[in-house]
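A.B. asks: There's a structure below that I have some questions on.
Each reported figure results from applying straightforward, stated rules to the coordinates on display, with no laboratory input. As the structure is a prediction and not an experimental result, all values here were calculated from the model. Cβ atoms come from the backbone with ideal geometry, glycine included; neighbour counts cover every protein chain shown.
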Amino acid sequence: MSPVDLKTTGFGTRAIHAGQEPDPVTQAVIPPISLSTTFKQSAAGVHSGYDYSRSGNPTRNGFETAVAALEGGKYGLGFASGSSVTATIISTLGAGSHLISVNDVYGGTYRYFTKVASKNGVEATFVNLSVAKNIEKHFKPNTKLVWIETPTNPTLCIIDIRAIAEIAHAHGAYLVVDNTFMSPYFQNPLSLGADVVVHSVTKYINGHSDVVMGVAVTSDETLYEKIQFMQNSMGAVPSAFDCYLARRGLMTLEIRMQRHEQNAKTIAAYLEKNEHIEAVIYPGLASHPQHELAKRQQKGFGGMVSFRTKGTLDNVNKMLGHLQYITLAESLGGVESLIEVPAVMTHGSVSPEDRAVLGITDTLVRLSVGIENVEDLINDLKQALDKAYL
Ligand SMILES: *Cc1c(COP(=O)(O)O)cnc(C)c1O
């Protein structure tokens, strides 16, 4: 069998074969987990390409190669969490730098920018980027980086990646896109002009709610070298075992994402008609204000649905108490459906004033639609909503 040219293959084929060839010694179809921390050298300083597992590990490299192939990038870098990807990238900027971030960025990223990066001399400005040109007036001579997420969390606002990339580049800044919500299956920011794409692997890429991990992908050699130097120097690398699990999860990413989306579309349409629901936010609905932009820059709409219920937080809590299959928990992107109330859970640390600006009201509910049978999910929501308004 000759090696296939994976560049011309479909996503599902790459998800299975990129960075994963049978073991050359035993021909094991799934390469063994490489647990060794160190590698024998044939002469001092002469080695196989691996010398110490923090700097490089075969299981990690297999995972990094696979995600890079799925994002259409040259280089992948694995990390111990999505948050450590952020910390490591920001550490490449240096004191005296400025960055611009979308205002409804992931809570942990906001905390890192405001409470940690600021102490290390990196200043962040937060901007509503639902209209791309809003960013223009916030550039400073020392602005080195723009950080966005799209769709945003939990209000699922869509940001125009291509437009932001053009403006950032015109100001000599590079663009990082956190692509966690879409996964590489539904959106490839590098093809839209982004310089680095990052993921919390914890979510869709691993997909089974049993690994905390992160990854960054870029095609820019200079950026790759800077981030790779910091990956090795700061040392927030994932374990080989976690890389193995994430690589295994990745193999089914295509079919999982297809099912997540199919279920999400069905549930969004159902909720739009439910008498207890005030509004449904899902980029796949024609009622979403940026539906056209989502259609243009995404290959699908994903598995996250947010909605506002009628009534008060009391009704929301009652509904949550009656759910049977849909689990009340933070996080997202796993095979099981998870539900949460951002105002009191994931975004509880955001001030009430900022929550009001972002539209994170007490009755806003975020649903990470799993891959269960959709009839069961709808029945679960229906009975819980009915009981919440008795
Ligand atoms: C969860 C998440 C992160 C942080 O990743 P961890 O793996 O939890 O450290 C970053 N960005 C987004 C969009 C996330 O959902």
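A.B. asks: What's the extension gain from residue 95 to residue 390 if we count 0.36 nm per residue and subtract their Cα-Cα distance?
C.D. replies: Between residue 95 and residue 390, full extension yields an extra 100.5 nm.
A.B. asks: In nm, to one decimal, how far is the modelled label at residue 48 from the one at residue 255, with both set 7 Å along Cα→Cβ?
C.D. replies: Simple spin-label model gives 3.2 nm for this pair.
A.B. asks: While we're here: Obtain the nm distance between the two label points defined at residue 138 and residue 116 by a simple spin-label model: each point lies 7 Å from its Cα along the Cα-to-C-beta direction.
C.D. replies: Here the answer is 2.1 nm between the modelled labels.
A.B. asks: Right, another one. Please report, in whole Å, how far the alpha carbons of the stretch 88-135 spread along each principal axis, starting with the longest.
C.D. replies: 30, 20, 15
A.B. asks: Using amide H atoms built 1.01 Å from N in the peptide plane, name the residues 5+ places from residue 200, or on other chains, whose amide H lies under 5 Å from its own.
C.D. replies: Result for residue 200 returns 180.
A.B. asks: For the chain, what's the relative contact order in percent, using C-alpha pairs closer than 8 Å and at least 6 residues apart?
C.D. replies: Value for the chain: 16 percent.
A.B. asks: Using a Förster distance of 30 Å, how high is the FRET efficiency between residue 383 and residue 345, based on the Cβ-Cβ distance and rounded to 0.05?
C.D. replies: Efficiency, from the Cβ-Cβ distance: 0.85.
A.B. asks: Same structure, new question: Using DSSP to define loop residues, name the chymotrypsin sites (Phe, Trp or Tyr not before Pro) in the stretch 261-317 whose beta-carbon has at most 13 other beta-carbon atoms within 10 Å.
C.D. replies: Loop-located and lightly packed - none at all.
A.B. asks: What residues qualify as long-range amide H neighbours of residue 278, i.e. H under 5 Å apart, gap of 5 or more or another chain, H built at 1.01 Å from N?
C.D. replies: Under 5 Å from the amide H of residue 278: 308, 309, 310.
A.B. asks: Here is a follow-up. Hull surface divided by four, with the convex hull built on the Cα atoms of the chain: how many nm²?
C.D. replies: Computing the convex hull of the Cα atoms and averaging its projections yields 20.4 nm².
A.B. asks: Using θ = phi - 60° and the Karplus relation 6.51 cos²θ - 1.76 cosθ + 1.60, list the HN-Hα couplings for the stretch 243-252 in order, rounded to whole Hz, with x at every Gly or Pro.
C.D. replies: Per residue, the Karplus-derived 3J(HN,Hα) values read 5, 5, 5, 5, 5, 5, x, 4, 4, 9 Hz.
A.B. asks: Find how much the distance from residue 221 to residue 191 grows on full extension, using 0.36 nm per residue of separation minus their present alpha carbon separation; answer in nm with one decimal.
C.D. replies: Stretched fully, the residue 221-residue 191 segment lengthens by 9.2 nm.
A.B. asks: I've got another one for you. For residue 131 and residue 273, FRET efficiency with R0 = 30 Å and r from the beta-carbon atoms, rounded to 0.05?
C.D. replies: E between residue 273 and residue 131, to the nearest 0.05, is 0.45.
A.B. asks: A follow-up question, please. Under Stokes-Einstein, with the Kirkwood radius over Cα pairs standing in for Rh, what whole-number D in µm²/s applies to the stretch 49-185 at 4 °C and 1.567 mPa s?
C.D. replies: In µm²/s, the coefficient is 81.
A.B. asks: To continue, here is another question. Run through the stretch 288-390 and list the GluC sites (Glu not before Pro) located in a DSSP loop whose Cβ has at most 16 other Cβ atoms within 10 Å.
C.D. replies: Taking the stretch 288-390 and a limit of 16 other Cβ atoms within 10 Å, the loop GluC sites (Glu not before Pro) found are 330, 336, 372.
A.B. asks: Another question, if that's okay. Over all distinct Cα pairs, what is the inverse of the mean 1/r for the stretch 253-388, reported as the Kirkwood hydrodynamic radius in Å?
C.D. replies: 15.1
A.B. asks: Cut-off 10 angstrom, C-alpha nodes, Gaussian network model of the chain. Which of 299, 226, 40 fluctuates the most?
C.D. replies: Most flexible of the set in this elastic network: 40.
A.B. asks: While we're on this one: Could you list which residues have their amide H under 5 Å from that of residue 149, counting only those 5 or more apart in sequence or on another chain, with H placed in the peptide plane?
C.D. replies: Close amide H contacts, sequence-distant or interchain: 102, 178.
A.B. asks: Can you flag which of 299/382; 115/137; 203/318; 273/318; 310/387 are past 22 Å Cα-Cα?
C.D. replies: Correct reply: 299/382; 115/137; 203/318.
A.B. asks: Report, as a whole number in µm² per second, the diffusion coefficient that Stokes-Einstein gives for the stretch 160-220 at 25 °C and 0.890 mPa s using the Kirkwood radius over alpha carbon pairs.
C.D. replies: 203
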